[in-house]
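K.L.:
Structure provided below as structure tokens; questions to follow.
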Amino acid sequence: MIGNVLKKVFGSKNERELNKLKPVVEQINALEPEMQALSDDELRAKTQAFRERIDQGDTLDELLPEAFAVVREASVRTLKMRHFDVQLIGGIVLHQEKIAEMKTGEGKTLAATLPVYLNALTGRGVHVVTVNDYLARRDTEWMGSIYNFLGLSVGTVVHGLDDSQRQGAYNADITYGTNNEFGFDYLRDNMKFSLESMAQREPHYAIVDEVDSILVDEARTPLIISGPVEQAGDRLYEEIKPQVIKLKQHQDRIVHTMLDDALKGLEKEGEADSTLELLLKVKRGDPKNPRFLDLIAKQPGLKKKMEKLEGQLSTEKLLPQIDQDLLCTIDENQNLVELTDKGLKLIYGGQADDYIVPDLDEELRKVDENDQLTSMEKRIQRRKVEAFYLEASERFHVTRQLIKAYWLFNKDVQYVVKDGQVVIVDEFTGRMMPGRRWSDGLHQAVEAKEGVTVAEENQTLATITFQNYFRMYDKLAGMTGTADTEAAEFKKIYDLDVIVIPTNEPMIRLDNPDAIYKTEAEKFKAAVEEIKQLHKKGQPVLVGTISIDKSEKLSTMLTKARIKHEVLNAKNHEREAEIVAMAGQKGHVTISTNMAGRGTDIVLGEGVKGLGGLHIIGTERHESRRVDNQLRGRSGRQGDQGSSRFYLAMEDDLLRIFGGERMSSIMERLGMEEGEPIEHSMISKAIENAQRKVEGHNFEIRKQLLKYDDVMNQQREVIYKQRREALTGKSLKPAIEEMIRELSEKITDGFADEKVLPEEWDWKGLREAAYHQFGFRLNTDRDTMDGLTRDGLAERIFESTVKIYEEKETAFGAEEFRNLEQMIVLQVVDNLWKEHLLAMDHLKEGIGLRGYAQQDPLVVYKKEGFEMFMDMIERIKQETVRFLFRVQIARPEEMAAKEKTRQDQLVFSHGGEAARQPVRRSKKKVGRNQPCPCGSGKKYKKCCGR
Ligand code: ADP
Ligand code: MG
């Protein structure tokens, strides 16, 4: 009821917006005859004329109707496509920095040419952001005919270009490319050592295609550029792997017996407490155990009771009792693993105690307080303690990551192994993401599990979220078939309004209700049956799955049923666009992981119209309704016939993990027969609720990520700005002199107490400090220092230092010295910024724990982050000056060679664990109240430090 009323209100708002645009559309239409009458050259000459009008102060809004009319005419002449009125509306919406929701197949690619052309007239560059390289290339070429006809240049940024190719692409009037390329180029530019080698210009106007995928789905994890750290702990993975395998085998046996006992118990005495406990143990020991999942699917009530028990035990802090029979526990929902005492013994044998990570602070204190030791011995002893601590905590971390790899990460679901590499599969698109890595050692763990080479662990050098990258543009707009469900998020995060644009022809696709089965096997059987029926009469079917292995499973079943089909997944994505384009031909059956091959137009084949058009089968509901809608949307384009249906099973992750009690009780009430589907509005509601829950959760993750990145963003802006300034070639001399002044004062403050007489100042300390900072011995002869005030002393230090500074300048030659200053500033800034990034990661990690102390974690993060940042700025000054006063002539060739190796070692990543767990290295000492380096999220003293 309320929903309907709201929809009406919303609908009418949308309508009002659309109505406002109608007169403009009429204006554009009215200009058509005039445009048609122009020769090609005359039409082309419009571009120059528009540019002149802009120079004379005309606004883009004033030019819009005529410019759009020009583009439409150019499109008719080059592509033989005349923009529909709804595409004109889409174009205006995009120009107005909003999101145009236009259904799949409505021609968003063409609609975008209108605002792209108009905004490119300013000469400041327009970016069109696509979801993959294939589409960037396709659209460049396809729409390029219009732009080229009108005298505008187009470039493409895709994977594998060098710097000069990138510059070329960015200097074009219009640049097509993926979100990753744009984002990484931004980060890369800000790591460069000269302005000329930077690729991008100032961000001006971006249109993001499939905007929901990019600004919502992919925005959950930041882009990260990382480089190798000095020590890699690879051997540990290989070393611990056999132990973890042993652990898995033992645990499998234990879980197997428990399950047997539980089944027997069920038979004998029903759902007795002891049986539920057993089942709970199974769940905690192996949540993905197939027999267990099967049982739960068949008896949904069990699950409910089990979870209730778990909740109770958890509040009563009795879970350890349950866990003590296991070797390790796995929390699938939170992606956490724990070793029990038994597990520890198994892994570390008799020497478990030796491997319990010691409390570093305490151990060190013990060493310090030991009067038996000489200071030299103490130092040696401290080294030993630190080394031991490092090794032990590293071991722990590696063990946990390996456990995750073995229990929670499945080949062909979360990743594939291709050419000896573990390649992450994007959970939303089913696409492979070569070159990307899970952070925090998880990737190494999976590599060790699969027996492929273990790469080095990396450290963050630069990072940004898509949210903050895209907010840098002066103008941002987006288009997609499915934005409306996420309208609130677009508004809140990006301040983007969503305008729903009507289809050119009415939509007539028939969306059937979900069919829900008890088990996955029944579900697939039913889906195959439907495919068979439709295939018999020649109707094309497109089947969506949520993972590669589900695709393959279904494919095997279809092969058995002798149904010819194509499988479209991340493994052969070179061809996927081609294959999916054929999905609407008569008799075609196409299996595709979610949205693989998207952006490709599916045209219905001859005779398919009479058969009901393209039928879509979803074999599982996705976590987000929007993604389900994307799958559906592939049918029914431009008023075509079409239909869709989703097949679900109680075993599906979504229902299992997020369905909750309500789902189980409904199922119980309705009763389920073997092989019989149920279609019930309550179930559909429950599913929708489950999806909403996950969507809400994911939005929270993105909001949280953004809040934290916002803090970083301010700092990033300051640093990047400073870097750029250093690169402009402007002399840094005034800045350096200012640094010297500040440092002189600081040193004075530290050693010359105004309340005591100058004779009593700590002259020795002062000389040492000055030497450390400026690299020369200050002359502190009695007679020269007599009668000095503190300010006078500072001034004296400053003057002496500047004198030396200028001598150095003369020795090097002013020009050389300016270059040197620039290099040093950049190096110092980059180094300290890198360290700062790591430190901020540590801070973020630890901060969750402060919640106990009644402090808002974000406030703490902001405050401490700011302090750390100011510290870093201070250190930048100190180190710059220190280096400058110590430096020998640096050879440019050496710098270049160094820079080259550095570039070659960078890793670009987005996705995986990065967002959920900040990059972390356990090489630093950990205090008792700091978060444990093992990644458990607990305080160190409550975890490994116990
Ligand atoms: P979307 O991105 O909105 O899903 P596309 O841009 O891929 O849609 O276009 C879908 C199909 O519609 C393409 O084959 C394109 O050639 C066609 N098309 C788009 N606009 C027009 C038009 N104005 N006239 C004729 N065909 C069009
Ligand atoms: Mg498209």
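K.L.:
How many residues, within the stretch 57-85, are touching a residue at least 60 places away in the same chain (Cβ under 8 Å) and either more than 9 Å from ligand 1 (Cβ to nearest atom) or assigned to a loop (DSSP other than H, G, I, E, B) (or both)?
P.N.:
Of the residues in that region, 8 qualify.
K.L.:
Identify, please: which residue in the stretch 149-194 is charged (D, E, K, R) and in a loop (DSSP other than H, G, I, E, B) and is, among those, modelled with the highest pLDDT?
P.N.:
Ranking the qualifying residues of the stretch 149-194, first place goes to D173.
K.L.:
Report the residue count in the stretch 574-613 for those that are charged (D, E, K, R) and either in a loop (DSSP other than H, G, I, E, B) or within 16 Å of ligand 1 (Cβ to nearest atom) (or both).
P.N.:
Count: 6.
K.L.:
To continue, here is another question. Taking the stretch 120-148 only, how many residues are within 28 Å of E578 (Cα to Cα) and either touching a His at 6+ places or on another chain (Cβ under 7 Å) or not in a helix (DSSP H, G or I) (or both)?
P.N.:
Looking only at that region, the number is 7.
K.L.:
Given the conditions (1) part of a helix (DSSP H, G or I); (2) open to solvent by 50 Å² or more (accessible area, probe 1.4 Å), which single one is not true for V802?
P.N.:
The failed condition is (2).
K.L.:
I need a count of the residues in the stretch 298-334 that are open to solvent by 30 Å² or more (accessible area, probe 1.4 Å) and not in a helix (DSSP H, G or I).
P.N.:
Of the residues in the stretch 298-334, 10 are open to solvent by 30 Å² or more (accessible area, probe 1.4 Å) and not in a helix (DSSP H, G or I).
K.L.:
Give the number of residues within the stretch 200-210 that are modelled with pLDDT of 95 or more and either within 16 Å of ligand 2 (Cβ to nearest atom) or open to solvent by less than 20 Å² (accessible area, probe 1.4 Å) (or both).
P.N.:
Within the stretch 200-210, residues that are modelled with pLDDT of 95 or more and either within 16 Å of ligand 2 (Cβ to nearest atom) or open to solvent by less than 20 Å² (accessible area, probe 1.4 Å) (or both) number 6.
Each row is one residue, and each column tells you yes or no for (1) open to solvent by 80 Å² or more (accessible area, probe 1.4 Å); (2) assigned to a helix (DSSP H, G or I); (3) under 22 Å from N190 (Cβ atoms); (4) at pLDDT below 80.
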position	(1), (2), (3), (4)
L778	no, no, no, yes
D791	yes, yes, no, no
L820	no, yes, yes, no
V825	no, yes, yes, no
K862	yes, yes, no, no
I889	yes, no, no, yes
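K.L.:
For K103, indicate whether it is of a type in the set (K, R) and either surrounded by fewer than 18 Cβ atoms within 10 Å (Cβ to Cβ) or more than 8 Å from ligand 1 (Cβ to nearest atom) (or both).
P.N.:
No.
K.L.:
Restricting attention to the stretch 90-119, report how many residues are more than 10 Å from ligand 2 (Cβ to nearest atom), at pLDDT 95 or above and outside any helix (DSSP H, G or I).
P.N.:
6
K.L.:
More than 27 Å from the chain's Cα centre (by Cα), open to solvent by 10 Å² or more (accessible area, probe 1.4 Å) and modelled with pLDDT under 95: does that describe S145?
P.N.:
no
K.L.:
Sticking with this one: Just wondering, is there one or more residues in the stretch 553-573 that are small (G, A, S), free of Cβ contacts under 8 Å to residues at least 40 places away in the same chain, surrounded by 18 or more Cβ atoms within 10 Å (Cβ to Cβ) and farther than 23 Å from G107 by Cβ?
P.N.:
yes
K.L.:
Moving on. Under the condition of being modelled with pLDDT of 75 or more and in a helix (DSSP H, G or I), which residue from the stretch 761-776 is surrounded by the fewest Cβ atoms within 10 Å (Cβ to Cβ)?
P.N.:
Among residues in the stretch 761-776 that are modelled with pLDDT of 75 or more and in a helix (DSSP H, G or I), the one surrounded by the fewest Cβ atoms within 10 Å (Cβ to Cβ) is Y771.
K.L.:
Could you give me the residue pairs with C-beta distances under 7 Å whose first residue belongs to the stretch 411-422 and is within 12 Å of G451 (Cα to Cα), whose second residue is surrounded by fewer than 19 Cβ atoms within 10 Å (Cβ to Cβ) and basic (K, R) wherever it lies, and which are 6+ apart or on separate chains?
P.N.:
Here the result reads V417/K411, each pair linking the stretch 411-422 to a residue that is surrounded by fewer than 19 Cβ atoms within 10 Å (Cβ to Cβ) and basic (K, R).
K.L.:
Here's another thing I want to ask about it. In the stretch 40-56, which residue that is in contact (Cβ under 8 Å) with a residue 60 or more places away in the chain and among the polar types (S, T, N, Q) is most open to solvent (accessible area, probe 1.4 Å)?
P.N.:
Q48
K.L.:
I'd like to know if the stretch 654-664 contains one or more residues that are in a helix (DSSP H, G or I), among the small types (G, A, S), away from ligand 1 (no atom under 16 Å from the Cβ) and in contact with a Lys or Arg (Cβ under 7 Å, 6 or more places away or on another chain).
P.N.:
Yes, the conditions are met somewhere in the stretch 654-664.
K.L.:
Still on this structure, please answer the following. Taking the criterion of being within 30 Å of L135 (Cα to Cα), modelled with pLDDT of 85 or more, within 16 Å of ligand 1 (Cβ to nearest atom) and assigned to a helix (DSSP H, G or I), would at least one residue in the stretch 213-236 satisfy it?
P.N.:
yes
K.L.:
Now, a different point. Which members of the stretch 521-531 meet the condition of being open to solvent by 30 Å² or more (accessible area, probe 1.4 Å) and either outside any helix (DSSP H, G or I) or more than 21 Å from N629 (Cβ to Cβ) (or both)?
P.N.:
Residues satisfying the conditions are A521, K525, E529.
K.L.:
Before we move on, is D61 under 16 Å from A120 (Cβ atoms) and either away from ligand 2 (no atom under 16 Å from the Cβ) or of a type in the set (D, E) (or both)?
P.N.:
yes
The values are calculated or read from the model by the stated rules, or taken from the named source; none is laboratory data. From a predicted model like this one, the values you see are computed outputs, not experimental measurements. For neighbour counting, all protein chains shown are included, and Cβ atoms are generated from backbone atoms with ideal geometry for every residue, glycine included. When the accessible area is computed, the model is the full protein with side chains, heavy atoms only, and any ligands, DNA or RNA have been set aside. Shrake-Rupley method; radii C 1.70, N 1.55, O 1.52, S 1.80 Å.
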